[in-house]
Amino acid sequence: MTARLINAPTRTEIVFVRNATESDQPRRLTPAGRRNIGRGGHDRADEMEHHANLVPWQILVQEKDGDLEFVPVNR
């Protein structure tokens, strides 16, 4: 029923999580997520990024010998 409701091909493509932070973690912390991040990459985050989202990016960038640039937030 849920798969049909959101137009997912199968119910195995649906994952329920508690919040946006939890849903974002697998992209960076799982082997599948790490395969999509190249070595020596360059990532950006704004200065207002929440700690829970920022730390996994910092860890991943360090593991991949990449760079993390902080973009200033202004008006």
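Does ARG11 satisfy the criteria of being modelled with pLDDT of 80 or more, surrounded by 10 or more Cβ atoms within 10 Å (Cβ to Cβ) and out of contact with any Cys (no Cβ under 7 Å at 6 or more places or on another chain)?
Taking the combined requirement at face value, the residue satisfies it.
Is it fair to say GLU63 is surrounded by 13 or more Cβ atoms within 10 Å (Cβ to Cβ), at pLDDT 80 or above and acidic (Asp, Glu)?
no
The values are calculated or read from the model by the stated rules, or taken from the named source; none is laboratory data. What you are looking at is a predicted structure, and each value in this text was computed from that prediction instead of being measured. Glycine also receives a Cβ, built like all others from the backbone with ideal geometry; neighbour counts cover every protein chain displayed.
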